[in-house]
Amino acid sequence: MPWSRLSGSISSPKMDVAIDMGNPFLNLTLDGFLKIGTVAATRSAAEDTYHMLKRGNVSGHNFEQMLKKMCKEGAYWGTTAGLYVGTEYGVERIRGTRDWKNAMIGGAVTGAVLSAVGDNKKDRIVIDAITGAAIATAAEFINYLT
């Protein structure tokens with residue numbers, strides 16, 4: 001029986017915006033903030049647009065609420081990404097090596113800081129630090145596999 005195999009790769013267009021702040025730490029932190037903040041704002045806009053169209057209620061007030069939510073989501077997730085990327089880079093510079101432990105420490109610090117800012121109790125802060133460390137470490141391992 002004849003058979004064939006399809007081989008190829010899928011890639012998306014890549015666009016990088018470089019803003020030189022004069023310091024690698026600041027460059028990476030700002031890059032993380034802008035990239036993830038943009039993704040979060042876009043996701044929020046798509047979700048709100050869907051809900052407005054589903055309800056059939058497109059108005060100036062709804063559009064204004066959508067813009068506010070986009071800014072809030074973009075700022076929150078951008079700050080989270082910037083904090084994580086900056087922390088991971090700082091840990092890498094302090095330790096002098098690049099490995100999964102930097103991601104783990106960066107995730108733990110990011111989870112703890114975001115939890116503490118949210119005015120949580122000690123137990124919740126520790127749980128969020130563990131969660132941040134686990135997610136960052138898993139992402140690092142998955143990135144290594146691909």
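Values in this text are rule-based calculations from the coordinates and carry no lab data. The structure displayed is predicted, hence computed values, not measured ones. So basically every Cβ, Gly included, is an ideal-geometry build from the backbone, and we count neighbours across all protein chains shown.
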- Item | Theoretical ellipticity at 222 nm over the chain - DSSP helices of four or more residues, -39500 (n - 2.57) apiece, nearest 500 | -27000 deg cm²/dmol
- Item | Ascending count of other beta-carbon atoms within 10 Å, so fewest first, for 19, 135 | 19, 135
- How long are the three semi-axes of the equivalent ellipsoid for segment 23-78, computed from the Cα gyration tensor as the root of 5 times each eigenvalue, in whole Å, largest first? 29, 9, 6
- Once you wrap a convex hull around the alpha carbon atoms of segment 99-146, what is its projected area averaged over all directions, in nm²? 2.9
- Item | Principal axis dimensions, largest first and in whole angstrom, of segment 50-119 by Cα | 55, 26, 15
- Message: Using Cβ counts within 10 Å as a stand-in for footprinting exposure, how do 119, 48 rank, fewest first?
- Response: 119, 48
- Note on the structure: In nm², the average projected area of the convex hull spanned by the Cα atoms of the chain is 15.4
- Which of 100, 77 comes first, and how do the rest follow, when ranked by fewest Cβ neighbours within 10 Å? 100, 77
